[in-house]
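Working notes, structure below.
Taken together, the values in this text are just the output of simple stated rules run on the coordinates, not laboratory data. Being a predicted model, the structure only gives us computed values, none of them experimental. FYI the Cβ positions are ideal-geometry reconstructions off the backbone, even for glycines, and counts take in every protein chain you see.
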Protein chains: 2
Amino acid sequence: MSHDLYKKRMEALLSYYHKNKRLPTYEELTRVFGVKSKSAAFQYIEKFIEDDIVRKSDEGFLIATPRLYGARVLGEVRAGLPHDAEEEGLLDCISLNDLLIHEPTHTFLLKVSGDSMRDAGIMSGDMVIVNRKKQAKIGAVVVAEIDHEWTLKYLMQKGKKMFLRAANKKYPDLFPKHELRVGGVVTGVVRQYI
Amino acid sequence: MSHDLYKKRMEALLSYYHKNKRLPTYEELTRVFGVKSKSAAFQYIEKFIEDDIVRKSDEGFLIATPRLYGARVLGEVRAGLPHDAEEEGLLDCISLNDLLIHEPTHTFLLKVSGDSMRDAGIMSGDMVIVNRKKQAKIGAVVVAEIDHEWTLKYLMQKGKKMFLRAANKKYPDLFPKHELRVGGVVTGVVRQYI
DNA sequence: AGTATAAACGAACGTTCGTTCGGTGTCAAA
DNA sequence: TTTGACACCGAACGAACGTTCGTTTATACT
């Protein structure tokens, strides 16, 4: 088994998966791999199964593992980037969806405008991941409605009273005149550079 | 068709999809939906297809759409959260993977340590999404090797010479003594609150 | 009670799936 | 030249798939 061919076919499989959001059938795999028989594809997939790039579910279906659909994670910036395909074997692979969204039904993304949370690393234009069913802890970043206005702030407590605090000294603390309602807890932040 | 039932079954389908990373067969759908016949499941799926929650691929396979596996996106914080399931119809649904990782083969996640980029909203503990094949533009955040040390900085230019700049005034600009090599361009940032 | 409408049932269908197996070609060591 | 290993081919198999269709049940309205 040539290593180059192995990598090429794995990338072909990944590319198919990203395009179609599913693994090909063995019949389709003949085209993906560039072989003429299903059995050749079948045998090749067995190697991928050994290497945990794909997996057989309990019901016998072929499913992708994070090794295929996830992004490779490196330890730290200081360690640099691995040279090419050398030591990729020992890298973790994760899916951002799986990592950041645990309760898809209760989770929203919210676009942030304004710089009131910039010292918390939440910039204007970022998206925050909001879980609306999670219990808000004091000190957490929350999406809250204070006196009928929605905003993104730290949830704070003074005595028994809750209030909101920006992560930017130029904004004052917000004490509710009438009502403070937490709409959701920020569980993550994502930013995209174009 | 009851709306409650519809939502319940959609959540059951979503839950199955998140657990198994694939859509169930019609036979399995009978269990997911709580019906006794495949045909009942089949008819129900047709409604989901109409609503673009799932889709039939050109080859006739059932595939999930971002409406199922993605997270709902709201416009802005100021607009508040939608009340429950009211106007969810008009919300976009996106997958964080699809949004942030366009070239999975060339993309890595890198854990950040240090506060040299905090004014750019990149905090210690964040993960940056790095594309190693993308052309680095001046002013972009890059992962670079400067005199054999890896770091995360802005890529800057003075005359013909490239150098690195932190997003934190207390760090000086870094001019390479010997070598400056860009290892990848930061295309995104993700942070997770626990 | 009677009727209309929608939802679910259950059996049946042709198709295509994953898998197996025996055979062919190729290269290298013996 | 033989032998073995390896990758692939091609035909074949039963099993499971998606889909159809006529019937039955449940719900709502008259």
Task: Cβ-Cβ FRET estimate between A:PHE42 and A:HIS178, R0 fixed at 56 Å, reported to 0.05 - done: 0.25
- [ ] Shielding by partners for A:93-105, please: the mean number of other protein chain Cβ atoms within 10 Å of each residue's Cβ.
- [x] 6
Open item on the list: Averaged across A:68-75, how many Cβ atoms of other chains sit within 10 Å of each residue's Cβ atom?
Closed with: 5
Open item on the list: For a test of the definition: using alpha carbon positions, the gyration tensor, and the 1.5 limit on a/c, classify the protein assembly as shown as rounded, prolate or oblate.
Closed with: oblate
TODO: In nm, give the distance between the simple-model label positions of A:SER2 and B:ASP98, each being 7 Å from the Cα along the Cα-to-Cβ direction.
DONE: 3.5 nm
Task: Angle in degrees between helix B:38-50 and the longest Cα principal axis of chain B, rounded to the nearest 10 - done: 50 degrees
Open item on the list: Given axes a ≥ b ≥ c from the Cα gyration tensor, I'd like to know whether the range A:104-190 is rounded (a/c under 1.5), prolate (a/b larger than b/c) or oblate.
Closed with: oblate
- [ ] Arrange A:VAL73, B:VAL142 by Cβ neighbour counts within 10 Å, fewest through most, would you?
- [x] A:VAL73, B:VAL142
- [ ] Return the distance in nm (one decimal) between the two label points of a simple spin-label model at A:ASP115 and B:ALA12, each offset 7 Å from Cα along Cα→Cβ.
- [x] 5.2 nm
Open item on the list: If I model a spin label at A:LYS133 and A:ILE49 as a point 7 Å from the Cα along the Cα→Cβ vector, what separation in nanometres do I get?
Closed with: 3.5 nm
Task: Estimated FRET transfer efficiency when R0 is 22 angstrom, pair B:ARG165-B:GLU76 (beta carbons, to 0.05) - done: 0.10
Task: Average Cα contact separation per residue, chain B, under 8 Å, 6 or more apart, as relative contact order % - done: 13 percent
Open item on the list: I need the calculated FRET efficiency for the pair A:THR105 and A:PHE61, taking r as the beta carbon distance and R₀ as 22 Å, to the nearest 0.05.
Closed with: 0.35
Task: Restraint check, A:LYS8/B:LYS134; A:LYS36/B:LYS56; A:LYS137/B:LYS21; B:LYS111/B:LYS169, Cα-Cα greater than 30 Å - done: A:LYS137/B:LYS21
Open item on the list: Under the convention of a label 7 Å out along Cα→Cβ, give the distances in nm from A:LYS36 to the same position in every other copy, shortest first.
Closed with: 5.2
- [ ] Grab the DSSP H runs of chain A that are 4 residues or longer, score each as -39,500 (n - 2.57), total them, divide by all residues and round the 222 nm result to the nearest 500 deg cm²/dmol.
- [x] -7000 deg cm²/dmol
Task: Within-12-Å neighbourhood charge of A:PHE175 [Cβ basis; K, R +1; D, E -1] - done: +2
TODO: Among A:HIS102, A:HIS3, rank each residue by its count of other Cβ atoms within 10 Å, from fewest to most, as a rough exposure measure.
DONE: A:HIS3, A:HIS102
Open item on the list: Restricting to Cα pairs below 8 Å that are 6+ residues apart, what does the relative contact order work out to for the range B:113-194? Please round to a whole percent.
Closed with: 38 percent
- [ ] Take every residue in peptide A:175-181, count the Cβ atoms of other chains within 10 Å of its Cβ, and give the average of those counts.
- [x] 0
